[in-house]
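Data first, discussion second: the structure below is written as C-alpha cells.
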Amino acid sequence: MFVVPFLGLLARVPWSDLPALLAGDVVTDALRLSLVTSLMATLIAVVVGIPLAWMMARLDFPGRPLVRGLVTLPLVLPPVVGGAALLFALGRRGVVGAPLDQATGLLLPFSTWGVVVANTFVAMPFLVITVEAALRNLDQRYEGAAASLGAGRWTVLRRVTLPMIGPSLVAGLVLTWARAFGEFGATITFAGNLQGRTQTLPLAVFVALESDRDTAVALSLVMVVVSLTVLVALRERWWKAL
Amino acid sequence: MEGVIGQGLEADFGLRRGDSFRIDLSLSIPAGTTTALLGPNGAGKSTAVAAIAGLLAIDSGRIGLAGSTLDDPSADVFVPPEARRIGVVFQDYLLFPHMTVLENVAFGLRSRGVSRVEAMDRAGSWLERLDLTTLERSKPPQLSGGQAQRVALARALVIDPDLLLLDEPLSALDVTTRVELRRVLARHLEDFPGPRLVITHDPTEAFLLADEVHIIENGAVTQAGSPDEIRLRPRTFYAADLAGSNLLIGRASDGQVQVGSHLIHLPEEHIHGEVLLTIRPSAISLHRGPPEGSPRNTWQTTIVVMEPLGERTRIRTGAPIPLTVEVTTEASRALELGEGEEVWVAIKATEIGVEFGGVYTRSR
C-alpha cells in the first residue's frame with residue numbers, strides 16, 4: 001500500500017538519462033530553492049513557534065482557545081485557501097501588504113520570501129502542536145528544582161525544559177521541515193511559479209508533468225531521496241527515545 | 001518582625017491556594033538543629049515547601065533566613081527561588097533525567113556562575129563523600145531509589161546552602177533501603193551547620209531525625225515540641241494516633257535489648273545490633289500486682305496520664321520506660337486505675353516489633 005507508488009515511480013525512472021536530467025537547471029534551481037525555503041521556514045517556526053507553544057502551554061490568558069484554534073487552522077485548511085488568504089493580507093493591496101510596501105518597499109507575493117512565508121504558514125502548526133503537548137506533559141516540578149538550584153528562567157529553559165522535551169522538539173522540527181519541503185498549494189497561490197525564485201520542487205514537478213515526463217520523474221526521485229534520507233537519519237538518531 | 005535570630009530560619013506566614021485551602025505556619029529553626037513538619041497527605045506540607053523555596057509567594061507574614069528577608073509582602077520583598085540559598089531534596093528527587101549524575105550535582109554550581117572545571121571538581125568531591133563516585137557517568141533512570149536519594153542530597157548540599165529542606169526524603173524507598181538511608185541522612189543532617197527542615201508524613205522519620213516536631217493538619221500547626229513531648233502528650237487525634245506506637249531504641253545482643261536501665265526480651269534469641277522496637281499500646285497489659293505466667297517483660301511503674309477515649313482508655317506510664325498503653329475502659333474500671341497509681345506493666349516478647357539495620361540515635 002505504501003510501497004506501490006514508489007515502485008511505480010522507480011519503474012518510470014529513465015536511468016540512463018538521469019545524470020543529464022538532474023544536472024538541468026530546472027532541477028538544480030528547484031532543489032536549491034526548496035532546501036533554502038524549507039529550512040528558513042523551519043527556522044522561523046522555531047523562533048516564533050516555540051514561544052507561542054510555551055505561552056499556550058503555560059500562560060492562562062483570555063482567548064487562549066481562540067489562539068489555539070487559529071494556530072491549528074492551517075492544518076485543516078486547504079493550502080490553496082491559505083495561500084489566497086496570505087495574498088489578500090500581504091499582497092500589494094492587502095491589509096498588511098500595502099503599508100508594508102509603502103514603508104519598506106518589500107513585496108512578499110511572487111518572491112522567494114513569499115515562498116518562505118507560505119511554507120511557514122502551513123508548516124509551523126506542526127511544531128507548535130508537538131511542543132505544546134510536550135510542555136504540558138512535562139512535570140513542571142523539574143523546573144522548580146532547577147530554580148531552587150540557582151538557575152534563572154533562561155537557564156531553566158535552555159538546560160532543563162528544552163532538553164527534557166528534546167525528542168518531541170526534534171519530532172516537531174522534522175514534521176515542520178517535511179511539511180514545508182513538500183508544500184505546494186499555498187506556495188503556488190501566494191508566491192507563484194517562477195523558476196529560480198519561487199519554483200520549488202513540488203511546483204517544478206507539477207509543471208514538468210504537463211510538458212516533460214522524464215524531468216518530472218527525476219524531480220520526484222530527488223524529493224523522495226532527500227525526504228527519506230532526512231527522515232531515516234533523524235529517526236535513527238532521535239526518535240529511539242519515543 | 002525586626003531582628004532575626006542568627007543563622008536560622010524564621011518563617012511565619014499565611015498562604016491561600018484556591019478558594020478553600022489556606023496554610024498558616026510559624027516555624028523557627030535555629031542553625032544546627034532539625035525540625036520536622038509532620039502531617040497527613042493534604043495537610044499543606046508541599047505548599048509549605050514551595051513557599052519556603054520561593055516557588056510560591058506568600059500572602060502575608062514573613063520568611064527570613066540567615067539574617068535576611070526572603071519574602072515579606074508587606075515590605076514588597078520577594079527573593080526569587082534562584083537567588084535563595086536553599087538546598088532542597090524534593091519528593092521523588094527530581095533528578096534531571098537527561099544529565100549524568102555528575103552534571104546533576106554540578107548544576108547548582110554552574111547556575112551560580114562557578115566555572116565548569118571547578119563545578120565538576122566540587123560535585124565530584126561531594127559524590128565521593130556520599131560514596132557515589134562509581135555512578136558519576138550514570139543517568140538518573142539507571143539509579144536505584146537509594147542511589148537517587150543520595151545524588152539528590154549531594155545536589156542540594158553542593159551549593160553550600162543556608163537551609164537544608166528535605167521533602168519526604170525517604171518515602172520513595174522500600175523498607176530495607178529506608179532504614180539504611182535514614183542513617184545516612186541523619187549523619188548528613190548532623191554535619192550540616194545551618195537549619196534543617198524535614199517534611200514527612202512518616203512519624204518514625206520525624207521522631208528519629210528531628211529535634212523538634214511540628215504537627216501540621218489542615219494547613220495549621222496543631223502541636224509542636226520535642227519528639228518525646230509529642231509522643232507522650234499528644235494533643236490532637238492525629239498526634240495521638242502517631243504516638244500510638246511505642247518506639248524504643250537500643251542495641252540488641254542475644255535477643256535482649258538494653259533500654260535505659262532496663263532489659264527488654266525480644267521474641268528471638270539471635271537478634272543482634274542496633275534495633276528499633278515498636279510496641280502497640282493495646283499489646284501491653286497492666287496489672288495491680290506482679291503478673292504471673294508467660295510475659296517476660298514486666299516492671300513496676302506509675303500511671304502519669306489517663307485519657308478516656310470512649311470504650312478505650314489511653315494511659316501513659318512513667319519510669320523506667322515511659323509507654324503509651326491502651327486498655328478497655330471496662331478493664332480500667334475493674335482494676336480501679338487512676339493517675340498516680342502504682343501498676344505492673346507486662347509485654348509479651350512476641351508482641352514486640354523489631355526493625356533491624358542500625359537506627360541512628362542522635363546525640364542530644
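Coordinate-derived values only; no laboratory data. Quick caveat, the model's predicted, so the values are computed rather than measured. Quick reminder, even Gly has a Cβ in these numbers, built from the backbone with ideal geometry, and neighbours come from all protein chains shown.
When the Cα positions of B:Leu209, B:Asn297, B:Leu335 are compared along the charge dipole of chain B, B:Leu209 comes out farthest toward the positive end, with charges on each C-beta of Lys, Arg, Asp and Glu. Considering only alpha-carbon pairs that sit under 8 angstrom and 6 or more positions apart, the relative contact order computed for chain B is 16 percent. For chain A, a simple Cβ point-charge model (Lys and Arg +1, Asp and Glu -1, everything else neutral) yields a dipole of about 800 debye relative to the Cα centre. Each of the peptides A:77-89, A:191-203 was scored by the mean count of other Cβ atoms within 10 Å over its residues; in descending order, highest first, they stand as A:191-203, A:77-89. The local environment of B:Pro193, defined by Cβ-Cβ distances under 12 Å, has a net charge of -3 under the rule Lys, Arg +1 and Asp, Glu -1.
Inter-chain neighbour count for A:149-159: the average number of beta-carbon atoms from partner chains within 10 Å of each residue's beta-carbon is 6. Roughly what angle does helix A:64-76 make with the longest principal axis of chain A, taking Cα atoms, 0 to 90 degrees, to the nearest 10? The helix A:64-76 is inclined about 20 degrees to chain A. Positive contributions from Lys and Arg (+1) and negative ones from Asp and Glu (-1), summed over other residues with Cβ under 14 Å from the Cβ of B:Glu342, come out at -2. Can you tell me how chain A classifies by the Cα gyration tensor, rounded, prolate or oblate, using a/c under 1.5 as the rounded cut? Taking the square roots of the gyration eigenvalues as a ≥ b ≥ c, chain A is oblate. For the peptides A:1-9, B:68-76, A:63-71, the ranking by packing is B:68-76, A:63-71, A:1-9, with the highest mean count of neighbouring Cβ atoms within 10 Å listed first. Each other residue within a Cβ distance under 13 Å of B:Ile29 adds +1 if Lys or Arg and -1 if Asp or Glu, for a net charge of -4. If you keep only loop residues by DSSP, which trypsin sites (Lys or Arg not before Pro) in region A:77-186 have at most 11 other Cβ atoms within 10 Å of their Cβ? Passing sites in region A:77-186 are A:Arg93. Its Cα centre serving as origin, the protein assembly as shown has a Cβ charge dipole (Lys and Arg +1, Asp and Glu -1) of approximately 1800 debye. For region B:246-355, what's the relative contact order in percent, using C-alpha pairs closer than 8 Å and at least 6 residues apart? Relative contact order of region B:246-355: 32 percent.
Give the shape of chain B as rounded, prolate or oblate, defined through the alpha-carbon gyration tensor: a ≥ b ≥ c are the square roots of its eigenvalues, a/c under 1.5 means rounded, and otherwise the shape is prolate if a/b is larger than b/c and oblate if not. It comes out oblate by the Cα gyration axes. Dividing the summed -39500 (n - 2.57) terms of all DSSP H runs of n ≥ 4 by the residue count of the protein assembly as shown sets its mean residue ellipticity at 222 nm at -13500 deg cm²/dmol.
Proximity of backbone amide H atoms, modeled 1.01 Å from N, is registered between B:Thr222 and B:Ile215, B:Ile216, B:Glu217 at under 5 Å, excluding neighbours fewer than 5 places apart on the same chain. Pull out a ≥ b ≥ c, the square roots of the eigenvalues of the alpha-carbon gyration tensor of region B:246-355, then state rounded if a/c is under 1.5, prolate if not and a/b is larger than b/c, and oblate in the remaining case. Note, shape of region B:246-355 comes out prolate.
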